[in-house]
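Engineer: Dumping the structure here so I can ask a few things about it.
The values are calculated or read from the model by the stated rules, or taken from the named source; none is laboratory data. Keep in mind that this is a model prediction, so the values were computed, not measured. We place every Cβ from the backbone using ideal geometry, glycine too, and count neighbours over all the protein chains shown. Remember, those area values only see protein heavy atoms, side chains included, never the ligands or the DNA or RNA. Shrake-Rupley method; radii C 1.70, N 1.55, O 1.52, S 1.80 Å.
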Amino acid sequence: MLGLAPVAGRGFLAAEHREGAAAVVLVSEQLARRELGSVAGVPGRAISFDGQPRLVVGVMPSRLPKALDWADTEVWLPLEPNAPWKQRGTNYLEVIARLRPRTTLQQARTEMIVIQKQIDLQFPGNKHDVVVLPLGEALVGQVRPMLLLLLGAVGFVLLIACANVASLVLIRATGRAKELAIRAGLGARRRRVIRQLLTESILLAALGGSCGVLLAMWGTRLLLASWPANVPRPVSPGSAAVAADWRVLVFTLGMSLGAGVLFGLAPALHSSRVDFNEALKEGGRGAAGTSARGGLRRLFVVSEIALAALLLVGAGLMLRSLARLEGVDPGFNPARLLTMAVNLPATKYGTDAKRAAFWSETLARITPLPGVKSAATVSDLPLSGSGTTGDFEIAGRPPFTAGERPSAAKEIVSPGYFAAMQVPLLAGRRFTERDRAGAPRVAIINREMARRFWPGEDPVGKKIHPGYYQTDWHEIVGVVGDVRLAGLGAPPGLEIYLCSLQVPQRAMTVLARTASDPLGLTPAIRRQVFAVDPKQPVYRLQLMEQVVGDSLSGRRVASWLLGIFAALAMLLAALGIYGTTAYAVTQRTHELGIRVALGARHGEVLKLVAAEGVKAALAGLALGLLGALVLTRLMAGLLYGIQPTDLATFAGVLAGFSAVAVAASCLPARRALRVDPVVALRRE
């Protein structure tokens, strides 16, 4: 269905998905080369996987789409009919389908809604909504707004660069006024002059685009090296990674030619309007059209300052929002907390008793280790992007209707979990070793759930039905603080905790809080797991601080990239102000010499020369901030803790950019103070 074929062997057969079929497996090309020695000879070999012998029937290619969540998968198993997913209400699987030819997405949605309603009628207690999305939207829908924001920032930087170069080209064309006048006097048509100037601009853009491609090849590798692992990875169509292929080269060529026309057309049109007589007059120095060209240069400068100011406001809002997020309390203490994942094989640990015994013995071995303060297990790490949610019921209250049915996160934790994570206990008690199989079923809820369903009363002692394959009512024995499971930017949701001694799981994450560097205790902790089961693999070793950091990694990368683009835009705008002011000093050398000869003070000359750049900067800032008041509302969904019209951000951009503009205007203006009146007048 995905268009992926094994590079050796075959794929799964329909019969291999039936109960009682032979145990087969597909392996990745990486695994075949790394562990099995080759690719061609792997099909037909027997391996032990998950504690069960399986026959390798095929090898999957290494160039899998990186955007897909299973791009790093190395083993595939057939979905067997006797697996737990057959139980109605188990909704952890994702369904991917390919539409028939000439079938629209809306038709598929309509048909799926009809099918879902038929299922609801057949099974009234399991009502669910169905959502049909394009695969691309399902994979990158959450990061699309961030990517579009970065794309807009890149476009603004390109426009600023075009305006800057257009201003410089116009200045250069002004200096060539006499040359262009002679060409016109010798019979050159205006169309030919425009073509000459556009050719020069396009050649300049093509050279810049070529340099840009070379820089992009290096920059892309740097970007992908720092790309967050928990964010969908950008890909080229049909490729496993971003690469400068022919699509990139064609796009860059088109953008370069477009930029050349964009920043070369206006200067070419203005420079082609040459007054032959004025340009050739003694001392004219190409003054013809100076006023019009000066106005166009000022327009370019104002435009790039406005775009740069808008970018700076957006970057400031994103960085301030990131700072607010980094200061959010996740509800637990991530410092010196080591995590490692363990997934017990179903063939060896097929009963609750065996699973509970493994986890109890493992924790009993880890806890006494020197340097370990506490240890626990949890089914899903907070902020890890995984978790189980579902319906629940409250004893003594009518069942929730389909429209108001709430959903709560379900976590399976060991008795020492809340102490190890340092989650505060607000009421009742934590789980204990007495809460094991055969004892009354118990549950712990978070503060948000207590506030919403038991406002003004104590929920301890009340009973709930947590779902999650449970058939018994559970007594609430405690209330703990809110833990941000979905993300630091998401408000606390409803959370139900069950005791792992009563609901032992195969896949759990082991937590160990240490008194010193957790990584130094990693080998000792792993040895304790192997002491319980020498063949049990331990994987995904990481610090909880890293998990917290990874939850913000996508936003952090986007915020800093936007900040870099904004800084680059401000630099280009400052160069535009500097270049315009420097050119004005050069053009007004004669005037400034006369002013100095007549006794003008240095401060007056400096103010006179810098005034033009400062006025353009203030005009551009005013336009940019007004535009930001409108456009930043589009990024409201990307912000946390601040408004799109945050006064501090706008004031900071205004003050900072004003200082940069004054400096960019005053630096070339100081050259005017060194003008020797005698030399200036003699030159004229």
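Engineer: Quick one: which of 661-667, 144-150 comes out on top by average Cβ neighbours within 10 Å, and what's the full order, highest first?
Structural biologist: Working: 661-667: 20.0, 144-150: 15.7.
Packing order, densest peptide first, comes out as 661-667, 144-150.
Engineer: Further question: For the chain, what proportion of DSSP beta bridges, expressed in % and rounded to the nearest 5, is antiparallel?
Structural biologist: Numbers: 39 of 54 bridges.
Of all bridge pairs located within the chain, approximately 70 percent are antiparallel.
Engineer: Now for a different question. Note down the magnitude of the dipole of the stretch 375-456 about its Cα centre, charges +1 on Lys and Arg C-beta and -1 on Asp and Glu C-beta and zero elsewhere, to the nearest 20 debye. Don't skip to the answer; put the middle values down first.
Structural biologist: Details: 11 positive and 8 negative charges, 55 e Å.
Dipole of the stretch 375-456, to the nearest 20 debye: 260 debye.
Engineer: Shifting gears a bit: Work out which trypsin sites (Lys or Arg not before Pro) in the chain are exposed loop sites (DSSP not H, G, I, E or B, at most 11 other Cβ within 10 Å) and give the longest gap free of them.
Structural biologist: Details: sites that count: 88, 98, 102, 189, 434, 535, 601, 674.
It works out to 190-433.
Engineer: Is there a quick way to get the dipole size of the chain? I mean about its Cα centre, with the Cβ of Lys and Arg at +1 and of Asp and Glu at -1; what is the value in debye to the nearest 20? Mind showing how you got there, number by number?
Structural biologist: Working: 76 positive and 49 negative charges, 438 e Å.
For this selection, approximately 2100 debye.
Engineer: From the C-alpha coordinates alone, can you work out the Kirkwood hydrodynamic radius of the stretch 567-675, in Å?
Structural biologist: Numbers: mean 1/r = 0.0642 Å⁻¹.
For the stretch 567-675, the Kirkwood estimate is 15.6 Å.
Engineer: Could you work out how far apart the two model spin labels at residue 110 and residue 80 are, taking each label as a point 7 Å from the Cα in the direction of the beta carbon, and quote it in nm?
Structural biologist: Distance between label points: 4.2 nm.
Engineer: Also: So, with +1 on the Cβ of K and R and -1 on the Cβ of D and E, and no other charges, what is the size of the charge dipole of the stretch 299-418 about its Cα centre, to the nearest 20 debye?
Structural biologist: Details: 11 positive and 10 negative charges, 86 e Å.
It comes to approximately 420 debye.
Engineer: Compute the long axis of helix 647-672 from its Cα atoms, compare it with the longest principal axis of the Cα atoms of the chain, and write down the angle in degrees, 0 to 90, nearest 10.
Structural biologist: The angle comes out near 30 degrees.
Engineer: While we're here: Considering only DSSP states other than H, G, I, E and B, which chymotrypsin sites (Phe, Trp or Tyr not before Pro) in the stretch 456-537 qualify as loop sites with at most 16 other Cβ atoms within 10 Å? Don't skip to the answer; put the middle values down first.
Structural biologist: Details: sites: 468, 469, 473, 497, 530; in loops: 468, 469, 473.
Answer in residue order: 469, 473.
Engineer: In degrees, nearest 10, range 0 to 90: what is the angle between the Cα axis of helix 352-366 and the longest Cα principal axis of the chain?
Structural biologist: For 352-366 against the chain, the angle is about 60 degrees.
Engineer: Per DSSP H run of at least 4 residues, take -39500 (n - 2.57); add these up for the chain, divide by its residues and hand me the 222 nm value, nearest 500 deg cm²/dmol. Kindly include the intermediate steps, with their values, before the conclusion.
Structural biologist: Working: 19 runs with 329 residues, N = 684.
Result for the chain, helices only: -16000 deg cm²/dmol.
Engineer: So, R0 is 25 Å and r is the distance between the beta-carbons of residue 405 and residue 341; what FRET efficiency does that work out to, to 0.05? Could you put the intermediate results ahead of the total?
Structural biologist: Numbers: r = 31 Å, r/R0 = 1.26.
Step by step, r from the Cβ atoms, then E = 0.20.
Engineer: FRET efficiency for residue 120 and residue 93, Cβ-Cβ distance as r, R0 = 22 Å, nearest 0.05?
Structural biologist: Approximately 0.75, to the nearest 0.05.
Engineer: Normalised radius of gyration for the stretch 98-179, please: alpha carbon Rg relative to 2.2 N^0.38 Å, two decimal places.
Structural biologist: Working: Rg = 26.7 Å, N = 82, 2.2 N^0.38 = 11.7 Å.
For the stretch 98-179, the normalised Cα radius of gyration comes out at 2.28.
Engineer: Using only Cα atoms, figure out Rg for the chain and give it as a multiple of 2.2 N^0.38 Å. Don't skip to the answer; put the middle values down first.
Structural biologist: Details: Rg = 34.2 Å, N = 684, 2.2 N^0.38 = 26.3 Å.
That works out to 1.30 for the chain.
Engineer: Do any GluC sites (Glu not before Pro) in the stretch 385-448 lie in a DSSP loop with no more than 15 other beta carbon atoms within 10 Å, and if so, which? Don't skip to the end; give the middle numbers.
Structural biologist: Working: sites: 393, 404, 411, 433, 448; in loops: 404, 433.
Sites meeting the loop and neighbour criteria: 404, 433.
Engineer: Separate question: Just the number, please: carbon plus sulfur as a percent of the accessible area of the chain, 1.4 Å probe, no ligands or DNA/RNA counted.
Structural biologist: Details: 21580 of 36120 Å².
Whole-percent figure for carbon plus sulfur exposure: 60.
Engineer: Roughly how tilted is helix 290-326, in degrees to the nearest 10 and between 0 and 90, from the longest Cα axis of the chain?
Structural biologist: 20 degrees
Engineer: Let me ask another. Leaving out ligands and nucleic acids, and using a 1.4 Å probe, what accessible area per residue does the stretch 300-450 come to in Å²? Walk me through the numbers before you get to the answer.
Structural biologist: Details: 6160 Å² over 151 residues.
Counting only protein heavy atoms, the per-residue value for the stretch 300-450 is 41 Å².
Engineer: How large is the convex hull of the C-alpha atoms of the stretch 1-63 per residue, in Å³?
Structural biologist: Details: hull volume 5.8 nm³, N = 63.
So the per-residue hull volume is 92 Å³.
Engineer: In addition: With r defined as the distance between the Cβ atoms of residue 594 and residue 215 and R0 fixed at 51 Å, what FRET efficiency is calculated, to the nearest 0.05? Walk me through the intermediate numbers first.
Structural biologist: On the way: r = 47 Å, r/R0 = 0.92.
Efficiency computed from Cβ-Cβ geometry: 0.60.
Engineer: If you don't mind, another one. On a full-extension model of 0.36 nm per residue, what is the gain between residue 670 and residue 429, subtracting their alpha-carbon distance, rounded to one decimal in nm? If you can, show how the numbers build up before the last one.
Structural biologist: On the way: separation 241, 0.36 × 241 = 86.76 nm, distance 7.41 nm.
Result: 79.3 nm gained on full extension.
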